Amino acid sequence: MRSKFLSIHITLFVLMALMHSNVFCQAATLKGVVKTGAQPIANATVSMVNDAYNTITDSMGLFLIKDLPAGSFRIVINAIGFEKFEQIVSIKENENKLLQIELSSHINALQDVVISGTMKPVSKSESPVPVEVYSARFFKSNPTPSIFDAMQNINGVRPQINCNVCNTGDIHINGLEGPYTMILIDGMPIVSGLSTVYGLSGIPQSLIERVEVVKGPASTLYGSEAVGGLINVITKKTTNAPLFSTDIFSTSWGEISADISTKFSTGKKAESLLGISYYNFQNKIDNNHDNFTDLTLQNRISIFNKWNFQRKQNRIFSIAERYVYEDRWGGEMNWSKKYRGGDSIYGESIYTSRWELFGTYQLPIKEKMLLQFSYNSHDQNSYYGNTPYFALQNIAFGQLVWDKTLKNNDLLVGASFRYTWYDDNTPATFSSNQNGGNEPSITKLPGIFIQDEISLNDQNKLLVGMRYDYNSIHGNILTPRINYKWSSHNKRNVLRISVGNGYRVANVFTEDHAALTGSRQVVFLEDLNPETSWNGNINFTKKIYTKNATYIGLDWAAFYTYFSNRIIADYESDPNKIIYDNLKGYAVSKGISVNVDIAFIKGLKLLAGATLMDVSYTENKVKTRQLFTEKFTGVWSLGYTFKTTGLSIDYTGNVYSPMRLPLLNNTDPRREYSPWWSIQNIQCTKRFSNKIELYGGIKNLLNWTPNKGNPFIIARTNDPFDKDVQFDSDGQVIATANNPYALSFDPSYVYGPNQGIRGFLGFRYSFN
């Protein structure tokens, strides 16, 4: 009886096991890997069927969900710092399904792969050189007609307007003026010299993948002009660009901006990106009532075409070209082109025609060697009142780079040659021979450089580099640098220390349009020698992951730059002159900065930063604060997305402390220092699908303009040709009844944009 009972139990157990086994074998298994680029994403949450099935990814980005029934399910993946991923997955009985999932960074989350710091692709967290990366989505939070304007929301970076009439400008990094900032496109130094004040205009934003910013000298790799830092605009590859995209918006001021791009193939081995950017503003506005345009009228078109060619063993070959034409003018409200170059009605009219060609070719050999090349031509036809400025600049550049890894050493060895031909109608190219006339300036700049990135261990890296250049005018130039990086075992804490040398060869007329505009005489006390500098930088970053799935990124930096032979534009010794000379002393730029990056899992995102700095020069033991330089700057970008409605809101802004401004004399009634000022913007975006977006908002919410608190901004707008100005025997202006403050015409008193509050509305469309 007992054995019979036991037999029944065993039989029942076997039957139940078989039934369970049958049920189990009917269930499916879902495996997957979650990554961004080549980097796995750990601790990402993976859920299905209203969280009935959920897990998290391991350190390799892998996840596993077992016992799934057959059917179609929505898989949802969330990771701190990345956009939410959703996809419908169909699963069959007994299927072992494998997914490979790519996550995109949040709008304010910095991308991981950078090239600007070391001239080679490297993980941002592994780079010994601190690099800030801003995606295209970041710039969409505050749409602008050009990348130049978009820089206003990056901490420590400020677009500076240099002329109240023509509105040309440059980029300041940590208080250093535009000529100290190198602008690159896809790693090529094609924006320099004559194009300094136009280089970030006319780049189709629809083709921009990201913008990399390096603060501090990079002359060891990139040569002259990379003293204060560099901005590298990286365009999209054909593999990640949409088949067609367009972005069009207009403002209540009458501005029209349009970007259109497409990609296409010719055969199986060639793919191309074509982008067209157009900006038009033809509305004369004078809200400050000085009879001068508040914003220059512009008509600009840019065409960009990039080709990628497929080669054996995935070797690189890409080539791109860009053409920019711009017609801009500003001046008296009744000016027209028939007055161009005359002295009856004042206007500043600039015709710019520019084309560029650049590319990269990997040699068909075993070693990784890249040939990089570029050629650009910049033609400017302009009048500043009745002062003509005709200039032509041609620059050819070639560079051969060898990338070699030897155990713990990552070597980069390169040789470059840069040829610059420049001609204009200023004293810069006057011939010194007895016959006089004009003599174009030709500069030949061969150079060699070497860089070694040494992996001491998993936590410590050392980067050393040296560059030698021979300038055909100024002779030998040597620029070394050293960088050290430490990271914690979990890579959440990173310390970087750098010391480097920089140099710059100046061309006043190509870099500073204040030398051309207004009535001031340009004076050179002597031939200008190249500037040299030493920079030290300490950077610490920390990543924090909270229990409620919030990501906090902190970035602290301290910088110190010491200049010798600093070229100073003296506006103050003589109100009728701009005096250029090498400083007989030294100049210093020092400060601290902090960036905070917070991404909440529910759609709230914040990026904020602040910089405190002191930029000055000392001569004869007298310290003078640099003009047009704030001591404090702050920026922020706050965004929230309502995931159920596809609606997002972005609030962006900046704030600046007072700057010292150039007064003409002691009786000039304008403020010596600017007030605290801020530009703030708000935008709403409605996403109707993955293809269509409608956006709009308000720019300059506070309606701030520089004229507030000032009797005027441009001096002597009633007499821009100084016809009624009287001078004494020393050339100094005499106070008269119609000129009580003893002023002459001068538009150089400018520190911010003249555009007040305005609405905007835009439309984006794309498809793959």
Pick from region 588-608, criterion in a strand (DSSP E or B) and among the β-branched types (Val, Ile, Thr), ranking: surrounded by the fewest Cβ atoms within 10 Å (Cβ to Cβ): Ile592
Yes or no: Pro130 closer than 19 Å to Phe281 by Cβ and either not assigned by TED's automatic domain parsing to the domain that holds Asp746 or not in a loop (DSSP other than H, G, I, E, B) (or both)? no
Does Thr624 meet the test of being more than 26 Å from Gln680 (Cα to Cα), assigned by TED's automatic domain parsing to the domain that holds Lys485 and assigned to a strand (DSSP E or B)? yes
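So that you can scan it fast, the table gives a plain yes or no per residue for (1) under 24 Å from Asn164 (Cα atoms); (2) exposed (fewer than 14 other Cβ atoms within 10 Å of the Cβ); (3) in contact (Cβ under 8 Å) with a residue 12 or more places away in the chain; (4) in contact with a strand residue (DSSP E or B) (Cβ under 7 Å, 6 or more places away or on another chain):
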site: Ser648; (1), (2), (3), (4): no, no, yes, yes
site: Gly653; (1), (2), (3), (4): yes, no, yes, yes
site: Pro662; (1), (2), (3), (4): yes, no, yes, no
site: Trp677; (1), (2), (3), (4): yes, no, yes, yes
Qualifying positions in region 373-401 - over 25 Å from Asn299 (Cα atoms), more than 24 Å from the chain's Cα centre (by Cα) and free of Cβ contacts under 8 Å to residues at least 60 places away in the same chain: Leu400
Considering region 285-316, residues that are surrounded by fewer than 16 Cβ atoms within 10 Å (Cβ to Cβ) and of a type in the set (D, E, K, R), and then whichever is nearest to the chain's Cα centre (by Cα), we arrive at Arg315
Looking only at residues in region 609-625 that are free of Cβ contacts under 8 Å to residues at least 60 places away in the same chain and of a type in the set (A, V, I, L, M, F, W, C), which one is surrounded by the most Cβ atoms within 10 Å (Cβ to Cβ)? Leu612
What number of residues in region 279-289 are in a strand (DSSP E or B) and either at pLDDT below 95 or not assigned by TED's automatic domain parsing to the domain that holds Asn710 (or both)? 0
Every residue from region 149-166 that is surrounded by fewer than 24 Cβ atoms within 10 Å (Cβ to Cβ) and of a type outside the set (A, V, I, L, M, F, W, C): Asp149, Gln152, Asn153, Gly156, Pro159, Gln160, Asn162
Pick from region 322-354 the residues that are basic (Lys, Arg) and under 25 Å from the mean Cα position of the chain (by Cα): which of them is nearest to Ser272 (Cα to Cα)? Arg322
What residue, among those in region 711-746 that are buried (at least 17 other Cβ atoms within 10 Å of the Cβ) and outside any loop (DSSP other than H, G, I, E, B), is modelled with the lowest pLDDT? Asp746
So which residues in region 667-710 are of a type in the set (Lys, Arg), farther than 28 Å from Tyr749 by Cβ and not in a strand (DSSP E or B), if there are any at all? Lys691
Output the residues belonging to region 528-546 that are at pLDDT 85 or above and of a type outside the set (A, V, I, L, M). Ser533, Trp534, Asn535, Gly536, Asn537, Asn539, Phe540, Thr541, Lys542, Lys543
In region 244-275, which residues are in contact with a Pro (Cβ under 7 Å, 6 or more places away or on another chain) and at pLDDT 95 or above? Phe249, Glu255, Ser257
Would you pick out the residues in region 551-566 that are closer than 28 Å to Glu531 by Cβ, in contact with an Asp or Glu (Cβ under 8 Å, 6 or more places away or on another chain) and in a strand (DSSP E or B)? Phe563, Ser564
Restricting attention to region 615-649, which residues are of a type in the set (Phe, Trp, Tyr) and either modelled with pLDDT of 95 or more or within 30 Å of Lys602 (Cα to Cα) (or both)? Phe632, Trp636, Tyr640, Phe642
Checking Tyr749 against (1) within 30 Å of Phe642 (Cα to Cα); (2) within 26 Å of the chain's Cα centre (by Cα); (3) outside any strand (DSSP E or B): exactly one of these is not met. Which one? (1)
Residue identified as at pLDDT 85 or above and crowded, with 24+ Cβ neighbours inside 10 Å among Ser141, Ser146, Ser116: Ser141
Checking the condition of a type in the set (Phe, Trp, Tyr), surrounded by 14 or more Cβ atoms within 10 Å (Cβ to Cβ), on the phi > 0 side of the Ramachandran plot and touching a Phe, Trp or Tyr at 6+ places or on another chain (Cβ under 9 Å), which residue from Phe632, Phe628 passes? Phe628
Qualifying residue in region 476-493 (condition: among the hydroxyl-bearing types (Ser, Thr, Tyr), assigned to a strand (DSSP E or B) and without any contact (Cβ under 8 Å) to a residue 24 or more places away in the chain): no
Can you name the residue in region 117-134 that is under 10 Å from the mean Cα position of the chain (by Cα) and not aliphatic (A, V, I, L, M) and, of all such residues, is nearest to Gly216 (Cα to Cα)? Glu132
Determine whether region 364-372 contains at least one residue that is touching a residue at least 12 places away in the same chain (Cβ under 8 Å) and touching a Lys or Arg at 6+ places or on another chain (Cβ under 6 Å). no
Give me the pairs: first residue in region 738-749 and assigned by TED's automatic domain parsing to the domain that holds Ile713 and among the acidic types (Asp, Glu), second residue outside any loop (DSSP other than H, G, I, E, B) and surrounded by 23 or more Cβ atoms within 10 Å (Cβ to Cβ), beta-carbon distance under 9 Å, and six or more apart or on different chains, which are they? Asp746/Ala715
Read through the list (1) in contact with a helix residue (DSSP H, G or I) (Cβ under 6 Å, 6 or more places away or on another chain); (2) polar (S, T, N, Q); (3) farther than 27 Å from Asn539 by Cβ, then give the number of the only condition that Asn654 fails. (3)
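The values are calculated or read from the model by the stated rules, or taken from the named source; none is laboratory data. All values derive from a computational prediction rather than experimental measurement. Because the Cβ atoms are built from the backbone with ideal geometry, glycine has one as well, and the counts that use them run over all protein chains shown.
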